[in-house]
Structure formats: C-alpha cells, structure tokens
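What follows is a set of notes on a single structure, which appears directly below.
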Amino acid sequence: MKIEIQNLTHTYGAGTPFVKNALDDVSITIEDHDFIGLIGHTGSGKSTLVQHLNGILKPTSGRILIDGRDMWDKNTNIREVRFKIGLVFQYPEHQLFEETVYRDIAFGPTNMGLSEEEIRERVLSAMEFVGLEQDLLDKSPFDLSGGQKRRVAIAGVIAMRPEVLVLDEPTAGLDPKARDDLLKQIKKYYKENRSTVIIVSHSMEDMAKTVDKIIVVKGGKIERFLPVGEIFADAESLSSMSLDIPTITKVFKKLKDRGVDIETNVYTVKYAYELMRSRLLGEVRQDA
Amino acid sequence: MKPFISFENLSFKYSEEEPRWVLENINLTIDDGSFVAVLGHNGSGKSTLAKHLNAILLPTEGKVYVDGIDTCDEEKLFDLRQRVGMVFQNPDNQIVATVVEEDVAFAPENLGVPPAEIRERVDWALEAVSMTEYREAASYHLSGGQKQRIAIAGVLAMKPKCIVLDEPTAMLDPQGRKEVMKTIRELNKNEGITIVMITHYMNEAIMADRVVVMDEGHVILDGDPYEVFSHVDELKSVGLDVPQPTELMYLLKGAGVDIEKTVLTDEECAEVLYNLLEGQR
Ligand SMILES: Nc1ncnc2c1ncn2[C@@H]1O[C@H](COP(=O)(O)OP(=O)(O)OP(=O)(O)O)[C@@H](O)[C@H]1O
Ligand SMILES: Nc1ncnc2c1ncn2[C@@H]1O[C@H](COP(=O)(O)OP(=O)(O)OP(=O)(O)O)[C@@H](O)[C@H]1O
Ligand SMILES: [Mg+2]
Ligand SMILES: [Mg+2]
C-alpha cells in the first residue's frame, strides 16, 4: 500500500490558550513495501503523525492518500482502512479494555466478521508472534506485567493481519530478548506478507538493525528521510536533535579519533564483530 | 553502611488461588545511599517487588523494612510514603492534577512543605527534566515522553530519602534518557538519596553501583556491574542481554581473541580494541 501524506497540519486545542501545531505542513510518501523507522525528540509529533495513518486523528488541514484515494473522502470506508492499516498505540493501556486476554486479542478479528474458528486460530498465532504464554489467555489484561500488556496490545493488531503495520514504540517495556524476538517477527511478517511497516522508536540500536529507511521528525516537521546508514553517519546533527547513534558506532568513532585506520559506518554488533575478527585474527594469521 | 531497605524471607502472590509465587523467599538488603539497578525479564516480579517498598503491596509471607519501618505497620504509612518516592511504570496512571506544575507540586504539598520551598522545588524539578516550558500545560494532553518526564519531576520535587523508579526512561528520547540518568546519579552522589531503578536498558544498569537480576520471583545474580555483566550466557538465558561493547568483547573472546577483563562502556571497549590493534603492529 502506498501512503501519501500531503501538507498535513495537526493543531491540538484550537481556540484554547494551549493551541499547539503538533504537525506543521508535513508532506511525505511511503511506498508500498517500505520498512521505515520514525525517530524524533520527545513531543516532536511522531504519535500524532502515526495516528493519522489509520484515521484515529483527522488532519486539521492537508490530505492522506491511501493507494491514491483520500482517506477522508466520503466514498472511503474508514472502517475498512482500519482493518488494512493496523496501529499499535504507544501506551498499551489505551488499547486494552476486554475482560480477558483472549477477548482482547480477538476484538479486531471479531469486528472483521471472521468465523469463531478463524478468530481462535488468529489469536493463538498472534500470541505466538509476541511470545505470550497460553496460560495467560483467561487472565484479565489489567492483571499483567507492563511487558505482558504490551505484548497483548501488539497481538491484538497482528491478529487482524493488516497490510500496513504501524507500531508506536513497540519495544518500550519489553525485556531484551522479547525486544529482539519481536523485531525479528516483524521483519518476517514484512517479508512474508509483502507488507509495509512503520516503527516509532527511541532505540537507535533497534532501528539500526531492523529498518531500511528512517524518518526524523523535529518540532512537527520532517527533517530527514534517508537510508539508515546515511542517518547514522551524521552523529552531530542527530545529537543536535536530541537523538544519538548506536553505542557500538561510538566505539569505532573513538578508535578513528585516536588515529586508527578503521571504518566508522559500524551500526550493529554483528558487523562490528565481523570487522574486528578479520582485523584481529585475520591479520594475526597472515603474520604467523 | 546500614541497610536502608531489607526484604526478609519475602514471598508474595496476588491471590490465594495462584499456584506459583510471584516472589519467592526474597532476602535482600539495600544500603543507605546506594544506587541499585534491578533487571529481569517481563513478568519476573520487578514491579511487584518495587511496590512492596511503599506498601502498595504487602508481603504474603515475610517482612519488608524501610528505614526501620515495617511496611505492614499501618500507623507508619505516612512516614513510609514520605521516605519512598515512586515513579510507576505507566506515567499515565500517575497524573493527579490537570496542570503540569500542580501535578509536580502535589507530593510536596501533601508532605506539608512550605509554599516558597515548593515553588523552588517545582521549578528545579521541571528544569531537571527539561519541561519548564510546559509548566502551565494540561497534564493529560502531553506526549508519552512528556508524561514520563512529569512523573519523574513529581518524585524529584518530593526529595524523599529513597527514590524507586520503574522503567523511568522507557519512553524518553536519547537526550532525555541521558539527562534523567545524570539527575538520578547526582541525587544519589550529592544528596545521598538511595536509588532503586528497574530498567530493561543494560547501558543504564551499568551506571548503578549494584545490579540485582531477577528471574521467576527469585534473585539470581547480585553484584557490581562488572561482576554481573561478566555472566553473559546466564543473562541471555533469562531473557536479558549485556551492553553492546560487552557483547562485542564476548564474541571476540569466543573467536579466540585474547581479552581478559569485562568492559561495559564504549570508552573501555575502544581502549581495549586500540591496544589490541596497536599490539599487532
Ligand atoms: N495485579 C495483578 N494481578 C495478578 N497478577 C499480576 C498482577 N500484576 C502482575 N501480575 C503477575 O505477576 C507476575 C510479575 O509481574 P510484575 O509486574 O512484577 O513483573 P515485572 O518484572 O515488573 O515485568 P515487566 O518487565 O513486564 O514490567 C507476572 O506474571 C504478572 O502476570
Ligand atoms: N491531546 C493533546 N492535546 C494537546 N496537545 C497535545 C496532545 N497530544 C499531544 N500534544 C502535544 O503535541 C506535541 C506532539 O505530541 P506527540 O504525542 O505527537 O509527540 P511524540 O513525538 O509522539 O512524543 P513522544 O516521543 O514523547 O511520545 C507535543 O508537544 C504534545 O505536548
Ligand atoms: Mg509518542
Ligand atoms: Mg514491571
């Protein structure tokens, strides 16, 4: 699915003393099968932006086209759009309301009018997707730990099998293994379904190893839209926007600063390992 | 150092019917003025443990003492809550007033701090979390990270003897995360405030003096960061990780590179790699 955002402005609290332009004339095109990370300082407008993608928020001005059709055109069925573009909220609590974990995850598929059998199958496979143990099925989602709630919220959206998957800080509150597993699952989903994925995150490490391109938002405007490598190559401007580079990248910049002839476009531990292994062990062997 | 907090044979479950303990026979003491990070996979019992510190939860078995107060002693509840300030995992549940600065002033007001001092503390706390410009904003209409900053400011303004933070930086941008960690460290070092911080970020845990690792309601590792993060396999087996520099060193060591000590930070890692590369020439 192609999503075109044209001159999108969103104003909160119009007519009150706290009027705020959270998005200011934003235009950007997300192509079908893009895998995008969305980063930006606290309050930059990320959540506001993604909530427009499935019609939770309505533009104050500007348009959003889904495969060329205006989302708010009276001929567009916004309900259908919400089944195709799934959004996981920043706070899972904003999404959980049913009495049991099962019913919460089943909520979307039920609304889609699927059969009981299909719903059950989807709930169970969504739970597997997020690594939720089956013994939590009948528990109240409110009696779960923070990370477990987050997983239920993600599972609820996955169970709808949307064509476009939008996740607002999905790894916040997940333990490191769950974080890694989830990112791998999302990547797999992206490949297997030829879907489009947009992930909001404050973890530069997660972004570096997961997405292809990154959008940087600052003060309600889009500052950059570039491949991952180009984003992290510019540490100074990232830090001026309250952002950062992955820790592992800092190691190589420090080596370079000390006069070592080494590349600094090292954004993952995996790549760092391969590089250093060949430098340290490869050369040792040659000398011997 | 005298212990400020002690958990004595603490066991807990949320209801009688539950087959398993959420916390099982925890024995742990935390020294006055120390900075402890608590790690553990989702559902391992971290928040449950933290909620025992200001009597939101009471032990099913065993005892919890804070600054000599038995948390079960109802008459001392006010004294207890005056000593322990808590930043909950979900800042949304923590907002109590509609305007940001009133929200931050809420706890010190309750403690009977004089108005002039409240003003000072609120200004300082908002500054510490970079939210001064939002002082008059509506607290319910903030971004996720802004709410988290306000929740932190609220507890800073309380200036309790002990601050418990449950994943305080989960929704902050990298700059905000650094600022909050710096503020916490300063409160700990300069004012001797005891800090208990739950986190899923390994590079925050390394800033603590002591790291406690939980698994299924038990404490499985407890030591200074260098000690704890040398157990790479064990940490991974319980759903955790190590900082990126530590991971790189661990992998290289596994491949046969001669590395002895555990490194935690990018500086330490660069130093070791520099020496290795120099040694080759
Ligand atoms: N209110 C509750 N009622 C019943 N069970 C609960 C309740 N809160 C938590 N639990 C259960 O107790 C266990 C420990 O939860 P706790 O919130 O302490 O975990 P945690 O280590 O803080 O996890 P996370 O990293 O996900 O926040 C979990 O299995 C959880 O499902
Ligand atoms: N309901 C609301 N009413 C008024 N202002 C709001 C509302 N929601 C958000 N804002 C303001 O709009 C701006 C953008 O908020 P948004 O939630 O989109 O930020 P964000 O980039 O997602 O931030 P974070 O990383 O903290 O989640 C912020 O300055 C925020 O204070
Ligand atoms: Mg947000
Ligand atoms: Mg928790």
Per-residue counts of other Cβ atoms within 10 Å, averaged by peptide: what ranking do you get for B:101-109, A:260-268, highest first?
B:101-109, A:260-268
In deg cm²/dmol, rounded to the nearest 500, the helical mean residue ellipticity at 222 nm of chain A, built from -39500 (n - 2.57) for every DSSP H run of length 4 or more, is -11500 deg cm²/dmol
Extended-chain gain in nm, criterion 0.36 nm per residue less alpha-carbon gap, A:Glu128 and A:Ile28:
32.6 nm
Using the per-residue mean of other Cβ atoms lying within 10 Å as a proxy for protection, in what order, highest first, do the peptides A:154-161, B:184-191 fall?
A:154-161, B:184-191
Cα gyration tensor, the stretch B:15-73 - rounded (a/c under 1.5), prolate or oblate:
oblate
Shielding by partners, peptide A:40-52 (average Cβ within 10 angstrom, other chains)
4
For the stretch A:246-288, what's the relative contact order in percent, using C-alpha pairs closer than 8 Å and at least 6 residues apart?
34 percent
Just how large is the dipole of the protein assembly as shown about the Cα centre, in debye to the nearest 20, putting +1 at every Lys and Arg Cβ and -1 at every Asp and Glu Cβ?
1320 debye
FRET efficiency for A:Asp70 and B:Lys178, using Cβ-Cβ distance with R0 set to 41 Å, rounded to 0.05:
0.45
Local charge sum around B:Pro225 (other residues, Cβ-Cβ under 14 Å, Lys/Arg +1, Asp/Glu -1)?
-4
Run the dipole for chain A about the Cα centre, Lys and Arg Cβ at +1, Asp and Glu Cβ at -1, nothing else charged, and hand back the magnitude in debye, nearest 20.
440 debye
Of the options B:Met249, B:Ser6, B:Asn90, report the single residue whose Cα projects farthest towards the positive end of the charge dipole of chain B (beta-carbon charges: Lys, Arg +1; Asp, Glu -1).
B:Asn90
Average other protein chain Cβ within 10 Å of Cβ, residues A:267-275
3
Cα gyration tensor category, rounded, prolate or oblate, for the stretch A:79-181 with a/c compared to 1.5
oblate
If you restrict to DSSP beta bridges whose two residues both lie in the protein assembly as shown, what percentage is antiparallel, to the nearest 5?
50 percent
Pick from A:Ser201, A:Ser278, A:Ser242: which residue has the top mean-square fluctuation in a GNM of chain A where Cα pairs under 10 Å get a spring?
A:Ser278
Report, to the nearest 10°, how far helix A:176-192 tilts away from the longest principal axis of the Cα atoms in chain A, using its own Cα long axis and a range of 0 to 90°.
70 degrees
Tell me the relative contact order for the stretch B:126-268 as a rounded percent, counting alpha carbon contacts under 8 Å between residues six or more apart.
16 percent
Which three extents, in angstrom, do the Cα atoms of the stretch B:3-242 have along their principal axes, listed largest first?
47, 42, 35
The stretch A:246-288 - convex hull of the alpha-carbon atoms, volume per residue in Å³
61 Å³
With angles folded into 0 to 90 degrees, how steeply does helix B:115-128 sit against the dominant principal axis of chain B? Use alpha carbons for both and round to 10.
30 degrees
Under a Cβ-only charge scheme (Lys and Arg +1, Asp and Glu -1), can you give me the dipole magnitude of the stretch A:208-288 about the Cα centre, in debye to the nearest 20?
220 debye
Formal net charge of residues neighbouring A:Gln51 (Cβ-Cβ distance under 12 Å; K, R +1; D, E -1)
+2
Around B:Gln244, what is the net charge, scoring Lys/Arg as +1 and Asp/Glu as -1 over all other residues with Cβ under 10 Å from its Cβ?
-3
What relative contact order, as a whole-number percentage, does chain B give when Cα pairs under 8 Å and 6 or more residues apart are counted?
21 percent
Accessible area buried, both sides summed, chains B and A with 1.4 Å probe, Å²
4400 Å²
Would you work out if the stretch A:172-288 is rounded, prolate or oblate? Take a ≥ b ≥ c from the square roots of the eigenvalues of the alpha-carbon gyration tensor; rounded if a/c is under 1.5, else prolate when a/b is larger than b/c, oblate otherwise.
oblate
Towards the positive end of the charge dipole of chain B, with charges on Cβ (+1 Lys, Arg; -1 Asp, Glu), say which of B:Leu28, B:Met214, B:Asn188 has the farthest Cα.
B:Asn188
Burial ranking of peptide ranges B:67-78, A:37-48 (average Cβ count within 10 Å, highest at the top):
A:37-48, B:67-78
Report, as an integer, the average count of C-beta atoms from other chains found within 10 Å of each Cβ along A:161-170.
1
Which one of B:Ser15, B:Ser139, B:Leu276 is farthest out on the positive end of the charge dipole of chain B, using unit charges on Cβ (Lys, Arg +1; Asp, Glu -1) and the Cα centre as origin?
B:Ser139
Show which lysines lie in cross-link reach of A:Lys58 when reach means a straight Cα distance below 18 angstrom and same-chain residues fewer than eight apart are skipped.
A:Lys20, A:Lys46, A:Lys74, A:Lys84, A:Lys221
Mean accessible surface per residue for chain A, computed with a 1.4 Å probe while every protein chain stays in place, in Å²
44 Å²
May I ask for the percentage of alpha-carbon pairs in the protein assembly as shown that lie more than 39 Å from each other?
30 percent
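The values are calculated or read from the model by the stated rules, or taken from the named source; none is laboratory data. Computed from a predicted model, the values in this text were never measured in an experiment. With ideal geometry, Cβ positions are generated from the backbone for all residues, glycine too; neighbour counts draw on all protein chains shown. Accessible surface is based on the protein model in full, side chains and every heavy atom, while ligands, DNA and RNA are left aside. Shrake-Rupley method; radii C 1.70, N 1.55, O 1.52, S 1.80 Å.
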